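The values are calculated or read from the model by the stated rules, or taken from the named source; none is laboratory data. As the structure is a prediction and not an experimental result, all values here were calculated from the model. All Cβ positions, even for glycine, are placed from backbone atoms using ideal geometry, and neighbour counts span all protein chains on display. With ligands, DNA and RNA removed, areas are computed over all heavy atoms of the protein, side chains included. Shrake-Rupley method; radii C 1.70, N 1.55, O 1.52, S 1.80 Å.
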Amino acid sequence: MGVLFNKRESEPQVSLPIHMGIIMDGNGRWAKRKGLPRTFGHKSGAKNFRSIVKYCSQIGIKHLTVYAFSTENWTRPNEEVIALMNLFEQYLIEALSDFQNENIKVKFLGEMEKFSSKIQNLIKEVEKSSQNLTGMVLNIAMNYGGKREIVNAVKILAEKVIKNDIQVSEITESSFSDCLYTAGQPDVDLVIRTGGECRTSNFLIWQAAYAEYIFTDILWPDFKFKDLDNILTLYAKRKRRFGGV
Ligand code: IPE
Ligand code: IPE
Ligand code: MG
């Protein structure tokens, strides 16, 4: 358990982001450094995902979006993609009971049609069984791409215009946001990226337009509660001006 946000204390001691995103990167390098196959890194990363999600819920994060698989990750070697799909299957089953106990509402962001019917059914089951839960909203971005999401929103709006449901003049930042996978959720306040790369890799490019970014060299399987505490402390010190003074 982290020091700043020990769950035995009633309130966290710094102001928290309402919506936090995590780019969980560095699994492959973590394994390689240990002389293990990359898939070991993914296993360890998935385990860490489970404990960090629970920690975020316990310290009072309201919306957490994690990047699990991008639209670009299909280009990886077939055996790695298969290993990741097997992990998703296993974790979706475990997540069912695990996150339910924590009152966590789970939502998936991305194009789910590309996954096997088994995974798609599990996704539906997880979403359905948690839809009335009132705790943290956990968005799992899978086969997610920010550009894809924006194009998708454009298509939804274009259809509405063609059907005369809305006028072009009614297309606003707000009505556009309502066509994204994250409809109804607040914009992202903080994006954390582990693994040392300083790029968005197509993650929440609309929702994080004004987010604070904090990059850390720590590889995802090594990212622990205290590291999150440190980043949240850094975040709390940032002056967010949103273009003002
Ligand atoms: C992130 O870790 C997990 C996924 C993209 C699925 P990586 O697999 O990208 O690990 P590195 O960046 O190669 O170390
Ligand atoms: C971003 O990591 C995607 C996820 C963490 C799921 P990548 O490892 O795919 O990103 P790049 O290739 O370094 O940009
Ligand atoms: Mg990577």
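Quick look at the numbers
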quantity	calculated
Per-residue HN-Hα couplings for the range 67-83 [Karplus 6.51, -1.76, 1.60; θ = phi - 60°; Hz; x = Gly/Pro]	8, 9, 7, 9, 5, 8, 5, 5, 7, 6, x, 3, 5, 6, 4, 4, 4
Rg/Rh ratio calculated on Cα atoms of the range 107-245 (Kirkwood radius)	1.01
Kirkwood-type radius of the range 132-173, with distances r between different C-alpha atoms, in Å	12.7 Å
The range 125-210, accessible area per residue, ligands and nucleic acids excluded (1.4 Å, Å²)	52 Å²
Within the chain, helix-based [θ] at 222 nm, where runs of 4 or more DSSP H residues each add -39,500 (n - 2.57), nearest 500	-13500 deg cm²/dmol
Size descriptor, Kirkwood hydrodynamic radius, that averages inverse alpha-carbon separations across the chain, Å	19.0 Å
Using θ = phi - 60° and Karplus 6.51 cos²θ - 1.76 cosθ + 1.60, couplings along the range 161-171 (whole Hz; Gly, Pro as x)	5, 4, 7, 6, 6, 9, 9, 4, 5, 8, 7
Rough spin-label spacing in nm, given labels placed 7 Å along Cα→Cβ, for Glu125 and Val161	4.2 nm
Per-residue ³J(HN,Hα) for the range 197-206, Karplus 6.51 cos²θ - 1.76 cosθ + 1.60, θ = phi - 60°, Hz, x for Gly and Pro	7, 10, 8, 8, 6, 6, 9, 6, 5, 7
Residues with amide H under 5 Å from that of Phe215, placed H, sequence gap 5 or more	Arg193
Relative contact order, percent, the chain [alpha-carbon distance under 8 Å, six or more residues apart]	28 percent
For Asn139, distant residues with modelled amide H under 5 Å away	Leu64, Thr65, Val66, Lys107
For the range 190-245, average projected area of the Cα convex hull in nm²	4.4 nm²
Gyration tensor over alpha-carbon atoms, the range 1-133, equivalent ellipsoid semi-axes in Å	27, 20, 13
For peptides 178-186, 76-84, sequence by mean Cβ density within 10 Å, most packed first	178-186, 76-84
